[in-house]
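**Q** If you scroll down you'll find the structure; I have some questions about it.
Just so it is clear, none of the values below were taken in a lab; they were calculated from the coordinates. Being a predicted model, the structure only gives us computed values, none of them experimental. Because the Cβ atoms are built from the backbone with ideal geometry, glycine has one as well, and the counts that use them run over all protein chains shown.
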Amino acid sequence: MSNSNRATITTQDGRAIGYVEGKTFFKSVRGSVHFFRKFKGIAVDTFSVEQARQAGAVKIVITDQETGCQYRTTIAHLRAVGRPVDFGYNPQLFLSFSGWVKTRKGEIPAEQIAFWEGV
């Protein structure tokens, strides 16, 4: 898919933080800075999630730039189970690590395995 089919996703102040391609919102962060070690999870800006949903996303994939691990969930799951938090930046939805499907660098995501098993 070419970049022309991507929708850029921003924070409320207009800073680009990711993109939607197909039905997935992709975001790349440094886990040591952006993941919550004390609370053991990941928080995502609610404005960005809504913007991604409006651009057609139903899934979220967050890549940790430091480890290459990817964390996947659906927007519906994040909105249903995620807890609203605000640490002084923007409102966010927090989801513990157990609510994300983690794929380590080099592993095949479970959704791809399920697809091929059905063929």
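**Q** Is the shape of the chain rounded, prolate or oblate, going by the alpha carbon gyration tensor and its root eigenvalues a ≥ b ≥ c, with a/c under 1.5 for rounded and a/b larger than b/c for prolate? Show your work: numbers first, answer last.
**A** Details: a/c = 1.57, a/b = 1.19, b/c = 1.31.
The shape class here is oblate.
**Q** Sticking with this structure for a sec: What residues of the stretch 29-65 lie in the reach of a label at SER96, counting those whose backbone N is under 17 Å from a point 7 Å from the Cα along Cα→Cβ?
**A** From the stretch 29-65, the list is 36-44.
**Q** Express as a percent, rounded to the nearest 5, the fraction of DSSP beta bridges in the stretch 3-117 (both residues included) that run antiparallel. Let's see the in-between values first.
**A** Values: 25 of 31 bridges.
Bridges in the stretch 3-117 that DSSP calls antiparallel: roughly 80 percent.
**Q** Next question. Mind checking which lysines have their C-alpha under 18 Å from LYS27, skipping anything on the same chain fewer than 8 residues away?
**A** LYS59, LYS102, LYS105
**Q** May I pose another question? For the chain, what is the calculated [θ] at 222 nm in deg cm²/dmol (nearest 500), taking -39500 (n - 2.57) for each run of four or more DSSP H residues and dividing by its residue count? Numbers along the way, then the final one.
**A** Numbers: 4 runs with 28 residues, N = 119.
Mean residue ellipticity, 222 nm, calculated: -6000 deg cm²/dmol.
**Q** With point charges of +1 on the Cβ of Lys and Arg and -1 on the Cβ of Asp and Glu, referenced to the Cα centre of the chain, which listed residue (VAL58, VAL85, ILE17) lies farthest in the positive direction of the dipole?
**A** Final value for the positive-end residue is VAL85.
**Q** Once you've got the GNM for the chain with C-alpha springs shorter than 10 Å, pick whichever of ARG53, ARG30, ARG15 has the biggest mean-square fluctuation.
**A** ARG15
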